[in-house]
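Below: one structure, written as structure tokens.
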Amino acid sequence: MLEERGHTFVRYADDCNIYVKSSRAAQRVMESCVKFLEGKLKLVVNRKKSTTGIPMKLKVLGFSLYRRKVRNRDTGT
């Protein structure tokens, strides 16, 4: 379903992160995923552990993304 809709996502076992551009899109995708998982696949979604947010503030399996400053090779800064 996520691939058909063109979403970028990371999945490992039963954990999944879906990357979208806005909080409104995140809510919309969350609702449709829960509906699909619970309705069609008959799986239970733990709503206490499921959340939406920006990639830099969310963790996946204890890991998180961060930005690294790149040094300029010409100036050394």
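For the chain, the mean projected area of the C-alpha convex hull, equal to one quarter of the hull surface, is 7.2 nm². When only alpha carbons of region 1-46 are considered, Rg and Dmax amount to 10.6, 28 Å.
With the highest mean first, a sort of the peptides 23-31, 2-10 on other beta-carbon atoms found within 10 angstrom per residue produces 23-31, 2-10.
What the chain shows is 96 Å² of accessible area per residue, with the surface traced by a 1.4 Å probe over protein heavy atoms.
Dividing the summed helix terms, -39500 (n - 2.57) for each DSSP H run of n ≥ 4, by the number of residues in the chain produces a 222 nm estimate of -5500 deg cm²/dmol to the nearest 500.
With +1 on each Lys and Arg Cβ and -1 on each Asp and Glu Cβ, how big is the dipole of the chain about its Cα centre, in debye rounded to the nearest 20? Mind showing how you got there, number by number?
Values: 18 positive and 7 negative charges, 73 e Å.
Here the size comes out at about 340 debye.
Within region 1-72, how many lysine pairs that are 8 or more places apart, or on different chains, have C-alpha atoms less than 18 Å apart? Counting lysine pairs in region 1-72 gives 9.
Using only Cα atoms, tell me the angle between helix 23-35 and the longest principal axis of the chain; keep it within 0 to 90° and round to the nearest 10. That helix lies at roughly 40 degrees to the long axis.
The values are calculated or read from the model by the stated rules, or taken from the named source; none is laboratory data. Remember, it's a predicted structure, so these values are computed and weren't measured experimentally. No Cβ is skipped: glycine too gets one built from the backbone with ideal geometry, and neighbour counts run over all protein chains shown. The protein model used for the area step is the full one, side chains on, heavy atoms only, and it has no ligands, DNA or RNA in it. Shrake-Rupley method; radii C 1.70, N 1.55, O 1.52, S 1.80 Å.
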